[in-house]
1. For ASP98, only one of the following conditions fails: (1) more than 17 Å from the chain's Cα centre (by Cα); (2) open to solvent by 50 Å² or more (accessible area, probe 1.4 Å). What is its number?
2. Just to be sure before I move on: is GLY257 in contact (Cβ under 8 Å) with a residue 60 or more places away in the chain and touching a helix residue (DSSP H, G or I) at 6+ places or on another chain (Cβ under 7 Å) in the structure I sent?
3. Mind checking which residues of the stretch 275-294 are more than 12 Å from the ligand (Cβ to nearest atom), buried (at least 17 other Cβ atoms within 10 Å of the Cβ) and either part of a helix (DSSP H, G or I) or more than 17 Å from the chain's Cα centre (by Cα) (or both)?
4. For the stretch 183-191, indicate whether the set of residues that are more than 23 Å from ASP102 (Cα to Cα) and either at pLDDT below 95 or of a type in the set (D, E, K, R) (or both) is non-empty.
5. Taking the residues in the stretch 19-38 that are crowded, with 17+ Cβ neighbours inside 10 Å and more than 25 Å from the chain's Cα centre (by Cα) as candidates, determine which candidate is nearest to ASP300 (Cα to Cα).
6. How about the stretch 61-77: which of its residues are open to solvent by 10 Å² or more (accessible area, probe 1.4 Å) and within 13 Å of the ligand (Cβ to nearest atom)?
Amino acid sequence: MKTLLLTRRFPDATIAAAQALFDVTIRDRTDGLSVEDAATALQSFDAILCTLGDRFSDMAFAVPDKRCGMIGSFGVGFNHIDVAAAQAAGIHVSNTPDVLTDATADLAMTLILMTARRAGEGERLVRSGGWDGWHPTQMLGTHVTGKRIGIIGMGRIGQAVARRAHFGFGMKVIYFNRSPKDVDFPARQVDDLHGLMSQADIVVVTVPGGGANTHLVDAAALGQMTDGAVFVNIARGDVVDEAAMIAELARGRISAGLDVYDKEPMVPDALKVLENVVLLPHLGSAALETREAMGQMALDNIVAWAEGRPLPQALWTV
Ligand code: GLV
């Protein structure tokens with residue numbers, strides 16, 4: 001039986017399915033593997049079921065005497081794995097696209113609504129005992145229905161957000177993406193990011209993290225947003241210059257809904273003290289059915305590797 005490391009406590013269904021097929025070791029911790037621990041895991045197990053926060057960098061793959069032939073990553077984003085280094089080492093890698101698209105798009109809508117309608121602030125008010133009753137001008141937010149939404153990155157999740165915004169909320173959709181997208185609802189591509197930022201009432205970031213997308217949304221881009229606009233990030237923290245975003249939010253001109261942070265789980269105090277920002281703990285795919293489907297997809301890939309078949313969700317192919 002091949003040995004399999006689970007780098008976290010995954011859903012019970014995932015653990016049970018893994019244990020039926022592999023000799024499983026569970027690392028029962030909530031933090032990610034350090035580069036050193038990732039290297040040791042590569043030396044110690046035939047396969048690894050890992051997730052975001054596990055640092056499979058080029059340094060980890062440089063370790064000698066690797067035993068591992070397969071890394072199944074639980075999650076769609078894979079900026080925690082140096083896929084080129086994995087390929088050079090002959091280690092197969094997979095991710096879990098599609099199964100989390102709806103859950104993540106739903107969370108984008110949650111953040112749009114919470115931010116525009118000041119739901120986090122309102123909840124804090126009620127819990128604090130400070131609510132003195134309904135009155136006509138209390139905590140007025142921004143109307144969402146019919147507004148213009150700007151999507152940065154029109155991939156699977158971007159399209160799912162746009163579809164919800166168009167069909168559910170009657171929004172006009174504009175997007176910034178390398179290539180045009182053929183979608184079944186009205187959506188206008190904008191050639192430059194600044195153009196998108198300046199035209200949208202609501203901006204949602206859905207591009208993958210890392211590489212050329214690092215700090216794609218910088219101070220100049222944020223400065224283009226119109227007064228009262230809402231900025232939402234459900235992708236990766238490094239896509240946005242966090243310090244510049246905090247400075248822009250502190251001016252009080254825009255508000256933000258964030259599910260991701262540059263140095264997760266560290267969230268800067270300067271963000272936590274602001275009322276015009278909704279802060280969630282990376283909940284994008286956090287629904288039980290979704291997480292079980294992600295676990296199954298990751299395992300299906302590991303099984304395909306164990307049986308010598310091509311991976312259904314391979315991140316590199318020969
Ligand atoms: C979560 O952020 C994921 O990439 O699946």
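1. Failed condition: (1).
2. Numbers: in contact (Cβ under 8 Å) with a residue 60 or more places away in the chain: yes; touching a helix residue (DSSP H, G or I) at 6+ places or on another chain (Cβ under 7 Å): yes.
Taking the combined requirement at face value, the residue satisfies it.
3. ASN276, VAL277, GLU292, listed by residue number.
4. Checking the stretch 183-191: at least one residue is more than 23 Å from ASP102 (Cα to Cα) and either at pLDDT below 95 or of a type in the set (D, E, K, R) (or both).
5. That would be PHE22.
6. PHE74, VAL76, GLY77
One line per residue, one yes/no per condition, for (1) surrounded by 20 or more Cβ atoms within 10 Å (Cβ to Cβ); (2) more than 16 Å from the ligand (Cβ to nearest atom); (3) assigned by TED's automatic domain parsing to the domain that holds LEU49:
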{"residue": "ALA88", "(1), (2), (3)": "no, yes, yes"}
{"residue": "VAL93", "(1), (2), (3)": "yes, no, yes"}
{"residue": "ALA108", "(1), (2), (3)": "yes, no, no"}
{"residue": "THR115", "(1), (2), (3)": "yes, yes, no"}
{"residue": "GLU123", "(1), (2), (3)": "no, yes, no"}
{"residue": "VAL126", "(1), (2), (3)": "no, yes, no"}
{"residue": "GLY130", "(1), (2), (3)": "no, yes, no"}
{"residue": "GLY133", "(1), (2), (3)": "no, yes, no"}
{"residue": "HIS143", "(1), (2), (3)": "no, yes, no"}
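So that you can scan it fast, the table gives a plain yes or no per residue for (1) in contact with a strand residue (DSSP E or B) (Cβ under 7 Å, 6 or more places away or on another chain); (2) of a type in the set (Gly, Ala, Ser); (3) in contact (Cβ under 8 Å) with a residue 60 or more places away in the chain; (4) more than 30 Å from SER255 (Cα to Cα):
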| site | (1), (2), (3), (4) |
| --- | --- |
| ALA20 | no, yes, no, yes |
| PHE45 | yes, no, no, yes |
| ASP54 | no, no, no, yes |
| GLY90 | no, yes, no, yes |
| ALA105 | no, yes, no, no |
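The values are calculated or read from the model by the stated rules, or taken from the named source; none is laboratory data. Since this is a predicted model, take the numbers as computed values, not measurements. Positions of Cβ are backbone-derived with ideal geometry, glycine not excepted, and every protein chain shown enters the neighbour counts. Quick note on the areas: whole protein, heavy atoms, side chains included, nothing else; ligands and nucleic acids left out. Shrake-Rupley method; radii C 1.70, N 1.55, O 1.52, S 1.80 Å.
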